[in-house]
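A short reminder: the numbers here are calculations on the coordinates, not readings from a lab. Please read these numbers as outputs of a predicted model, since none were measured by experiment. Positions of Cβ are generated from backbone atoms using ideal geometry, with glycine treated the same way; all protein chains shown enter the neighbour counts.
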Amino acid sequence: MYLLIGPPQLARRALKRREKIVRELSEAPHLISAKASELPVDLSEKEKRTLKFASTVSDYEATVGNKVVILPDSKAALQEMQNAIKSAKHFIHLEYYIIASDEVTAQIFDSLIEARKRGVEVRVLYDALGSLSLKKIYFRKLTENGIQIAGFLPLSAVYQRFNLNFRNHRKILVVDGEKAFTGGTNIGKQYLGGLDPARWHDYTILVEGPAVLQLQDVFSKDWHFTTDEDLFLSKYYPPPKSGGDAIIQVLESGPDSEFHSLHQVILMILHSAEEEILMTTPYFIPDESMRSALTIAALKGVNVELILPSKSDAPFVQLASRSFYDFFLKTGVEIHEYLPRILHAKLMTVDKKWTLVGSANMDTRSFKLNFEINLLIHSRSLSKQADHLFENDFQDSKQIHLEEFEKRSTREKILENAMRLFSPLM
C-alpha cells in the first residue's frame, strides 16, 4: 500500500516543472488580474478579505467583469460546447479526466476535426488513467487530421506505478480565449448523453471574460507539464472581453501546489457563512476541519443543507460517507439524498452571494492528490440561479431524518464504519 500511494515523486517532479513555468510566467504580460482598488466599491470589507485570502493561496488574483451561466443539464452543456467548437476561429484547447469511447465523444471529435480543417489549432489533453478505455481508433482519427493529443502521466513509465493516485481530474474547454467551459462533467454519453436514469446528473459552467484567460493558463501549464510545448504566447491570450457582473477567483489545486488552496478557501467561506450553506457533492468524506466548519455553522444558526447521492458509482465511498450522517444530523445539518440518477454534480453556495463550482469533490483525494480546477464566484445573480437548481434537486431528493436513519441494520452500520477506516484513501 505504501508503494502504491506513499512516495511523493510526482509532487517533487511537478514542483520542479512548476518552478520553471512560474519563472517563465513572471516575464509574460498575459496574466490578467484585478487589483484590490478595481474591485467593486459595494463589496464589504469581509468579502474583500475573502478574495484577498483566496488570491494569496492560489496562483491568480480575482478577475472582474465576467459573464457566467450554469448549464443545468447534460443536453444543454453538450449543445453549448458544440456551438462554441463550431464557431472557433483560432484555437480550441480541451482537457478532460474521462473521455469515453462512444457516440457523444465521436460527435465532439468530429466537430474538432471540422474545426481543424478550417485552420483552427486543436489540442486535446486527457488523463491517461481516467481515459484508459478510450480506443486507439479515436486517437488515430484525431492525429490523422492534424490534431495534437497528449496523455497526462502515461501509465507506461515504470515509476508511474507509484503515482496512480495523482490524476488530472480537471475538465476545461477553452475556445479562442473568449469562452471556457468547466465543472464536473466528463465527455461521453454517460455524462453528456441525456436525462434518462442511466445518465449522470451534473453541472457545467460557461464563462466569458477575463477568467477565461486564467483557465487557458491552467491548460497551458498542464500541456507544458505533459509535452514541454510552450503555449505562453500572446496569440493564446487575446485582450479579455468583459460584460458580466461576476467576480471570479480561479482555484487551481494539486499535489504541485504550495498551499492546498481549494481546501483552505472552502474552509474560509464556510466559517464566514452567516445565513445559509447549500452543498451538492457526489463523494462526501469530510476531514476533521470540514466537519468542524459545517457543524459550527449549523450550531450557530446557519441553515446547512447537503445533497448527496442515493445511488452511487462508488458504493464503498457512499458507505464511508453515510458513516458521518449521525454526527451531522445531531448538530442540525440537513441531509438529502438525490433519487433520480447517479449524482455527480459539485456545487456550493454561501449566503446567496458566493458560488463554488468545478471538478473537485469533498474528499481528501480532491483536496490533496488530484489536479483539480474550481471557480469561486461572487455574483448574486449566479447564486440565484444556483439556488433554483438546488430547489429542483431538493424536490427530487429524500430528506434523511435521524430517527429513521438510526433504525438501519447492524450490518449496514458495520459496513459503514469499516469503510470509514479507509476513507482517507478514497
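Here are some notes:
- Backbone HN-Hα couplings from phi across the stretch 301-313 [Karplus 6.51/-1.76/1.60, Hz, Gly and Pro as x]: x, 6, 6, 10, 10, 10, 10, 10, x, 7, 10, 9, 7
- For a straight C-alpha distance cut-off of 19 angstrom, the lysines reachable from K52 (same-chain residues fewer than eight places away being disregarded) are K35, K353.
- Residue (of A246, L270, T185) at the positive-pole extreme of the stretch 165-274, dipole from beta-carbon charges: T185
- HN-Hα J in Hz across the stretch 326-338 - Karplus 6.51, -1.76, 1.60, θ = phi - 60°, x for Gly and Pro: 3, 4, 6, 4, 5, 9, x, 6, 8, 10, 10, 10, 6
- Fluctuation leader among G209, G183, G244 - the chain, Gaussian network, Cα springs under 10 angstrom: G244
- Within the shell of other residues whose beta carbon sits under 11 angstrom from the beta carbon of G188, the net charge comes to 0, with Lys and Arg scored +1 and Asp and Glu -1.
- Using a Gaussian network model of the chain in which every pair of alpha carbons under 10 angstrom is joined by a spring, one finds that among D42, D228, D393 the greatest mean-square fluctuation is at D42.
- Which of I373, I70 has the fewest Cβ neighbours within 10 Å, and the rest in rising order: I70, I373
- Cross-link pairs beyond the 27 Å C-alpha cut-off, checked among K384/K407; K179/K368; K352/K413; K311/K413; K67/K141; K189/K407: K384/K407; K179/K368; K352/K413; K67/K141; K189/K407
- For the stretch 57-195: rounded, prolate or oblate by the Cα gyration tensor [a/c cutoff 1.5]: rounded
- Per DSSP, loop trypsin sites (Lys or Arg not before Pro) in the stretch 73-182 with at most 13 further Cβ within 10 Å: K89, R118, K135
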